[in-house]
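First up is the structure itself, then whatever we jot down about it.
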Amino acid sequence: MTTPILALVGYSNSGKTTLMEKLVASFSAAGLRIATIKHSHHQPEMDTPGKDSWRHKQAGAATSLLVGPEKMLMVSNVDENLNPQLLASRLFGDYDLVLVEGYASVAGPKIEVVRAARSQSPRCDQSELIAVATDIADLPCSRPLLDLNDTAAIMKFIRHWMRGVAEE
C-alpha cells in the first residue's frame with residue numbers, strides 16, 4: 001500500500017501552518033503515524049555552524065545525520081528538485097499519512113486554504129484540488145468547501161479521501 005500524500009496549499013499567511021498543526025495533532029491523537037514535508041523558497045539551515053555535524057557537511061559529506069536520544073536531524077545535498085511524492089516514497093513508506101505544506105505547483109492531491117483576510121478566491125486551478133478549507137461561506141468553487149475552523153470535519157473529509165486512495 002502506498003502512503004497517502006496530501007498537500008495543503010494557499011497564499012502566504014492564509015493559515016496553512018495553523019491548519020497543519022491542528023491536523024497533525026488530531027491525527028496523531030487518533031493513533032495515526034503522520035509525517036510532514038514543508039516546502040520553502042529559502043535555503044534551509046538546520047545545523048549549528050561550528051558543531052561536529054555541521055563540520056561533517058562542510059568537509060563534503062553528502063548527507064549527515066545528527067542523532068540524539070529522542071530526535072534525529074538529517075541534512076542532505078539534493079541534485080534535483082525533489083517533489084513530495086518522491087520524498088515520501090524514499091523516507092515515509094511506513095507512515096499512515098504524509099501532509100505537505102506548500103508545493104502548490106506540483107501535481108498531486110491538494111486542499112487549498114482560503115482565508116477571507118488574505119484572499120477571496122483559490123490560487124490553484126480547481127481541477128487540482130480535492131477541497132477548499134475556507135472561512136468564506138459563499139466562496140464560488142466547484143470543489144467541496146470545508147469550514148476552516150472545523151478541524152474535526154476536515155479530518156473526517158481527509159479520512160474519507162484516504163480510504164479512497166487505499167482502494168486505488
Could you work out the local net charge near A152, counting Lys and Arg as +1, Asp and Glu as -1, over the other residues with Cβ closer than 14 Å to its Cβ? +1
Loop only by DSSP, 15 or fewer other Cβ within 10 Å of the Cβ. Give me the trypsin sites (Lys or Arg not before Pro) in the stretch 60-139 that pass, ordered by residue number. K71, R118, R123
So which lysines pass the test for K22, namely a Cα distance under 28 Å, with those fewer than 8 places away in the same chain ruled out? K38, K71, K110, K156
Relative to the longest principal Cα axis of the chain, at what angle does helix 16-29 sit, 0 to 90 degrees, rounded to 10? 80 degrees
222 nm mean residue ellipticity, helices alone, for the chain (DSSP H n ≥ 4; -39,500 (n - 2.57); rounded to 500): -8500 deg cm²/dmol
Diffing the stretch 55-71: the Karplus 3J(HN,Hα) column from phi (6.51, -1.76, 1.60, θ = phi - 60°), in whole Hz with x for Gly and Pro, holds 5, 4, 5, 5, 6, x, 4, 5, 9, 9, 9, 10, 10, x, x, 10, 9
Top mean-square fluctuation among A59, A131, A29, Gaussian network model of the chain, C-alpha springs under 10 Å? A59
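Readers should treat all values here as calculations from the given coordinates under stated rules, not as data from a laboratory. Quantities reported herein were computed from a predicted structural model and do not represent experimental measurements. Counting neighbours? That spans all protein chains shown, and the Cβs are built from the backbone with ideal geometry, glycine included.
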